[in-house]
Each structure stands twice: as C-alpha cells, then as structure tokens.
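Chemist: Have a look at the structure that comes next, please.
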Amino acid sequence: MTDRVLVVIPAYNEALNIERVVGEVIENYPMYDYVIINDGSTDNTAKICRKHGWKIIDLPMNLGLAGAFQTGLKYAHRKGYGYAIQFDGDGQHRPEFILPMKEKMDQGYDIVIGSRFVTEKKPRSLRMLGSRLLSGAIWFTTGVKVNDPTSGMRMFSRKMIKEFADGLNYGPEPDTISYLIRHGARVGEIPVIMDERILGESYLNPLNAAKYMGKMLFSILLVQSFRIRDRR
Amino acid sequence: MTFLLRCVLICVSLVLTVYVLGRIRHSKMRIEDSIFWVMFSMLLVVFSVFPKVADFISSLVGTYSTANFIFTLMIFILLTKVFFQSIKISQLERRVTELIQMLALDKEEAIEKEEHKL
C-alpha cells in the first residue's frame, strides 16, 4: 500500500459533475485508488455514486471542506496509503497531472502543489491579487516561494497524511501549508492546467473571497507563528 | 439611586437567583456550569441589597464612580465568560466532527468486511 496513491474527492452537492469527474478517474486511471467523501449532500450525489458502485464514505452531516478532506486522509491513514491527493469533485482538476505530482514527491517532498503559475504568469485580476498577497505572506513568514497557494490540487506524503488525519486546525488551506513549511515540511510545485468549473455554482463570490483572504492572511501572518506543533 | 430603582434591582437579582437555583434543582444544567451563574446572581443580590459594598470596593480600586466600577466589573466577568465558552464550543465542534468522521469511516469499514465475506 505504501506506494499507492489515494485520490480523495470531497463532494458536496456535486450531482451535476460527479459522474463525469469520478468516471474519468476510474476509467482512465485504474492504477489509483480513490474515495469519494460525500459531505452530507442534500442532492442525490450519494445515490449516483451508489448506483455505479463507487467507493464512497457518507458523512451523516455536513462538515465543510476541511472536515470532509480530513475524513479522506483518515481513511488513507487507516489503510496505510503512501500518497493522498486532494481532488475536487467539480471538474477543475485533471487526473493526468497526478502522476507527475507523484514523481515530484518522490524527489523528497512532503507536499506537492499542482500550481497554475509555475511557468505561466499570473493574470492581473483582483483574484490574482489575492493569490499574490498570500504568496507574499507565505514567503515573508517562511522564506519559501509558493506560486499558487490557493490551488486545491495538493498531494500529501505519508508523514503529512498522519499529521492531517490526527490534527486540529489542519484545513486544506494556505495557512496550513505555511505552518507546515515553518515546521520543516518540504513543499514542491509542478505546473498544471486547471479547467473552469463545469456545472453548478461556486461559493466563491467576491464577498466570500474577501473574507477568505482576510482570514488566511491573518492566520498566516499572525496566528500560525505562535502555534505549538503537537507531536503524537 | 431612587427607592423604586433599588426595589427593582433587588427584585430582579432575587428572581434571577431563584430561577438559576430552580434550574439546578431540576437538573437542567450541570452543576459545574451552574456555579458561575449562582455566584454571579448572588453578587448581583449583594450589590443591590448592600450598595455600600460596591461603593467601598469602588473607592478601594479608585474608580471615578461606583457605576463605572460596576460596569467595568460586569463587562470583565462577561467577557471572560464568553471567551471560555468560545473555547468550549471549539472543543465541542471538534468532538462532533471526530464523531461524524469516525461514524462514516467505521460504517465504510463494516461494509468492506461484509463484502470480503461474500
């Protein structure tokens, strides 16, 4: 199991996308194991997965992305997987980049981020301003340059899986990345291409985005610096 | 302080105390959690029945007036209470999350075992 990759697909009300996204992973990439975390969806996401006989973990209540993703990593930890990748259920992430991410990880990284901006320049939009600010904050606090901190496509090593599975305040967000870098985790990036969300609405409206940015910046610059790492 | 206001204050604080004690009697609250409210309501009773006590402490502390002292004291007590409740809520949320996750994972494991048997 130690060299197996687990694709963790958190899904909350993704009935419109899940069939396509998961179908592609399962059909074209049978070498990866996958698990769908149904985060208490109110639509028939679970039903669709059951119909296909897909591996699904049903959370009886909605926990939010952090809680759902953590469930996936707990599963990976129980089963002893060596790699786990966060893979959105809305069709933004492309499974062909999983292999290069794994290869990058084998070069001795703990976290590999599928980055949209390693080679490409960031477009000058308001959203990218946010991305720049976060990059800057991480660079300022850790001295490591992370080009695409908000990318949701991240792969974690066995060591990180254990840490995420047991820890509190380990949301799959930039502040956790900065915290882990500060405590010695090596973070690598490889260039990936991301698609636009296929169907359904993103919760990322301008107000939520601004709130998220504020929270992350505050967390990276201030809160993470006096966190004690609990070793178990 | 007018006589009427004083009566109202005494009544309110007494009613609060009786109500809190009643709740505890009927076991609607854990004793550990109720201690704060018993002490708090008794403090209110003391201040309303013997305002001289508040005056005395106020002069001792050096606040400009007794009212300022009472406000400051109450705000401080309530803020600390809110803070500790916030910690408590965080802990509870974490426990609920862990439980939900464990439930889902164990269910999945049970299904898997069943499949292996077949």
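The values are calculated or read from the model by the stated rules, or taken from the named source; none is laboratory data. As the structure is a prediction and not an experimental result, all values here were calculated from the model. Methodologically, a virtual Cβ is constructed for each residue, glycine included, from the backbone with ideal geometry; neighbour enumeration extends over all protein chains shown. Areas reflect the complete protein model, heavy atoms only, side chains present, ligands, DNA and RNA absent. Shrake-Rupley method; radii C 1.70, N 1.55, O 1.52, S 1.80 Å.
Chemist: Starting from the Cα of A:Leu133, step 7 Å along the direction of its Cβ; do the same at A:Asp195; then give the gap between the two resulting points in nm.
Modeler: 3.1 nm
Chemist: At a Förster distance of 25 Å, what's the computed FRET efficiency of A:Leu222 paired with B:Phe76, Cβ-Cβ distance as r, to 0.05?
Modeler: In this case the efficiency is close to 0.55.
Chemist: Right, another one. Before anything else, pin down the relative contact order of segment A:101-150: Cα pairs under 8 Å, at least 6 apart, normalised by residue count, whole percent.
Modeler: With pairs under 8 Å counted, the relative contact order is 36 percent.
Chemist: To the nearest 0.05, how large is the calculated FRET efficiency for A:Lys79 and B:Leu16 if R₀ is 51 Å and r is the Cβ-Cβ distance?
Modeler: According to the calculation, E is roughly 0.40.
Chemist: So for each of A:3-15, B:44-56, B:105-117 I average, over its residues, the number of other beta carbons within 10 Å; can you give me the resulting order with the highest mean first?
Modeler: For the peptides A:3-15, B:44-56, B:105-117, the packing ranking is A:3-15, B:44-56, B:105-117.
Chemist: Also, I was wondering about something else. Helix B:51-61 sits at what angle to the longest principal axis of chain B, using alpha carbons and giving 0 to 90 degrees rounded to 10?
Modeler: 80 degrees
Chemist: What total accessible surface area, summed over both chains, is buried at the interface between chains B and A, computed with a 1.4 Å probe and given in Å² to the nearest 100?
Modeler: 1500 Å²
Chemist: Per residue, how large is the accessible surface of chain A? Use a 1.4 angstrom probe and give square angstrom.
Modeler: 48 Å²
Chemist: If I compute solvent accessible area with a 1.4 Å probe over the protein chains, what percent of it on segment A:1-105 is carbon and sulfur?
Modeler: 50 percent
Chemist: Hey, another quick one. Can you work out ³J(HN,Hα) from phi for every residue in segment A:119-130, in order, using Karplus 6.51 cos²θ - 1.76 cosθ + 1.60 and θ = phi - 60°, giving whole Hz and x for Gly and Pro?
Modeler: Listing the rounded values in order: 9, 7, 7, 6, x, 8, 10, 5, 5, 6, 4, x Hz.
Chemist: Then there is this: Please determine, in degrees from 0 to 90 and to the nearest 10, the orientation of helix A:18-28 with respect to the longest principal axis defined by the Cα atoms of chain A, where the helix direction is its Cα long axis.
Modeler: It is inclined by approximately 90 degrees.
Chemist: Take A:Met101, A:Met194 and sort them by solvent-accessible surface of the protein heavy atoms, 1.4 Å probe, largest at the top.
Modeler: From most exposed to least exposed: A:Met194, A:Met101.
Chemist: Now, a different point. With bins 10 Å wide starting at 0, give me the P(r) of chain B over every alpha carbon pair, in whole percents.
Modeler: 11, 25, 25, 14, 9, 7, 5, 3, 0
Chemist: Okay, next question. Looking at the protein assembly as shown, what % of its DSSP beta bridges pair antiparallel, to the nearest 5? If you can, show how the numbers build up before the last one.
Modeler: Details: 6 of 25 bridges.
Percentage antiparallel, nearest 5: 25.
Chemist: Of the listed pairs A:Lys145/A:Lys211; A:Lys122/A:Lys145; A:Lys74/A:Lys162, which have alpha-carbon separations greater than 18 Å here?
Modeler: Violating the 18 Å limit, Cα to Cα: A:Lys145/A:Lys211.
Chemist: Right, here's the next one. State, to one decimal in nm, how far the label point of B:Leu92 lies from the label point of A:His183, with both points 7 Å from Cα in the Cβ direction.
Modeler: Those two pseudo-labels are separated by 2.7 nm.
Chemist: Here's a follow-up. Counting only C-alpha contacts under 8 Å and six or more residues apart, can you give the relative contact order of segment B:1-70 as a whole percent?
Modeler: Answer for segment B:1-70 is 27 percent.
Chemist: Please average, across the residues of B:93-103, the number of beta carbons from any other chain that are within 10 Å of each residue's own beta carbon, and give a whole number.
Modeler: 5
Chemist: For segment A:164-191 and segment A:1-73, what is the separation of their Cα centres, given in Å?
Modeler: A separation of 22 Å, based on Cα centres.
Chemist: Okay, next question. Can you tell me how much longer the chain between A:Phe140 and A:Thr119 gets when fully stretched, taken as 0.36 nm per residue apart minus their C-alpha distance, in nm with one decimal?
Modeler: 5.4 nm
Chemist: Below 8 Å between Cα atoms, with a sequence gap of 6+, how large is the relative contact order for segment A:109-209 in percent?
Modeler: 45 percent
Chemist: Work out the FRET efficiency for A:Arg4 and A:Asn44 from their Cβ-Cβ distance, taking R0 = 22 Å, and round it to the nearest 0.05.
Modeler: Plugging the Cβ-Cβ distance into 1/(1 + (r/R0)^6) gives 0.15.
Chemist: Also, quick follow-up: Over all directions, the average projected area of the alpha-carbon convex hull for chain A comes to how many nm²? Mind dumping the intermediate values first?
Modeler: Numbers: hull surface 48.6 nm².
Quarter of the Cα hull surface area: 12.1 nm².
Chemist: Between B:Glu115 and B:Asn68, what length comes free when the chain is fully extended (0.36 nm per residue of separation minus the Cα-Cα distance, one decimal in nm)?
Modeler: On the way: separation 47, 0.36 × 47 = 16.92 nm, distance 7.02 nm.
That works out to 9.9 nm of additional length.
Chemist: Sum -39500 (n - 2.57) across every DSSP H segment of at least 4 residues in chain A, then divide by the residue count to get the 222 nm mean residue ellipticity, nearest 500. Don't skip to the answer; put the middle values down first.
Modeler: Values: 8 runs with 95 residues, N = 232.
One gets -12500 deg cm²/dmol as the mean residue ellipticity at 222 nm.
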